[in-house]
1. Is there a pair in 14/180; 89/111; 198/238; 127/180; 21/268; 89/324 whose C-alpha atoms are over 19 Å apart, and which pairs would that be?
2. Per the helix-only calculation at 222 nm, which mean residue ellipticity applies to the chain, given -39500 (n - 2.57) for every DSSP H run of n ≥ 4 and division by its residues, nearest 500 deg cm²/dmol?
3. Only counting other Cβ atoms within 10 Å, I'd like 237, 316 sorted with the fewest neighbours first.
4. Does the stretch 1-152 come out rounded, prolate or oblate by the C-alpha gyration tensor, with a ≥ b ≥ c the root eigenvalues, rounded set by a/c under 1.5 and, if not, prolate when a/b is larger than b/c and oblate if not?
5. Over the chain, calculate the relative contact order: mean separation of alpha carbon pairs under 8 Å at least 6 apart, over the residue count, as a percent.
6. Which helices count as membrane-span-like in the chain under these terms: full DSSP H, at least 18 Å along the axis by C-alpha, Kyte-Doolittle mean of 0.0 or more?
7. From Cα pairs below 8 angstrom and at least 6 apart in sequence, can you work out the relative contact order of the stretch 1-125, rounded to a whole percent?
8. So which chymotrypsin sites (Phe, Trp or Tyr not before Pro) in the stretch 210-297 pass both tests, a DSSP loop state and at most 16 other Cβ atoms within 10 Å of the Cβ?
Amino acid sequence: MLNYKKLGFENTKKMYQEALKKNYALPGYNVSNMEQIQAVLSACLHTQNSVVMQISKKAYEYIGEKLIAPMIAGAILQMKEDAKKMKLKPITVALHLDHGDSFELCVSAIKNGFSSVMIDGSHLDYKENVKLTKKVVNFAHKYSVTVEGELGVLAGVEDDVSADENVYTRPEDVEDFVNKTGVDSLAIAVGTSHGAYKFKPGQQPKIRLDILRAVEKRLKNFPIVLHGSSSIPQDAIKKINQYGGKMPDAIGIDAKQVREASKTPVCKVNIDSDSRVTMSASIRESFVKSPEVFDPRAYLGIAREDLLKMYMKKNIEVLGCGRKTAK
Ligand code: G3H
Ligand code: 13P
Ligand code: ZN
């Protein structure tokens, strides 16, 4: 059993309370390789905000359960060294399992050094979702690990549902679910959607701020999580298509709407696709412009720099949690 505190991680409790107080959201950045991990930590160090480093089930399997926590712990030690040199405060990092789909996977993540887990029972019927979430909460809390649940099905890739009225989570259900399960935070459906093809061209459903406000009235100081919140930067999509890729009509969430949502009880905003398109655009451009290069450090190094810029911009301009520092 790895102790997450000894590895340098924190659970999400304090960081979410801070986010609630200051009306911003923290990033939940999904990672699956070293360059993304380094870019996330470096960006958040520069913008001086806490971060939730997220590992999906597929990333858990891709990296390997024994490598994840020690690898990110090593990156945190490096970040602390960099902070000293740059005279900046080291940042707080939570290691979070994203979309855990079983009790067993959550237990495995906790035993392997995670400080936070998500149990996604959103595909189960309500009673079963409550039962499973409660079981994970009871186990996780014994180790001071925080738990995120999910209620409601997001539009888009989750079940191919479209963003119409009946898929939005109801505020009264949020209150009941939180009281019955004891979860520390909850992902709800308010109009966002996973992936790089969130809507058809010309469509841009509004994030339901009214639902977020209604939840806030029912549950004081309770952290809400927004999944599927990538904006899919169009300059990256243009580059991908220009340099041999094929991603026509890739569309994300309007960043201004995410900015507004970050001022509500939304404490964490999940971003994965923006990182994927930024990295892909960068590598495609390198391959076309420098076909003679075959050292991965060259093109992955450029991609890491591009990621760093994207994350910093996101922290400052979209989530409102980051600030410009001297560098
Ligand atoms: O919300 C889902 C994440 O984008 C994870 O994607 O399962 O391909 O790692 P993945
Ligand atoms: P995006 O696909 O919009 O990046 O969402 C990622 C996510 O919600 C991870 O849980
Ligand atoms: Zn998600």
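Every number in this text was worked out from the coordinates using simple rules, so none of it is lab data. Keep in mind the model is a prediction, meaning the values are calculated, not measured. Counting neighbours? That spans all protein chains shown, and the Cβs are built from the backbone with ideal geometry, glycine included.
1. Result: 14/180; 89/111 exceed 19 Å.
2. After summing the helix terms and dividing by residue count, I get -14500 deg cm²/dmol.
3. 316, 237
4. prolate
5. Computed over the chain, the figure is 22 percent.
6. For the chain, where a helix must reach 18 Å along its axis and average at least 0.0, the hits are 34-47, 65-86.
7. Working: 187 pairs, mean separation 42.3, N = 125.
Computed value for the stretch 1-125: 34 percent relative contact order.
8. Sparse-neighbourhood loop chymotrypsin sites (Phe, Trp or Tyr not before Pro): 294.
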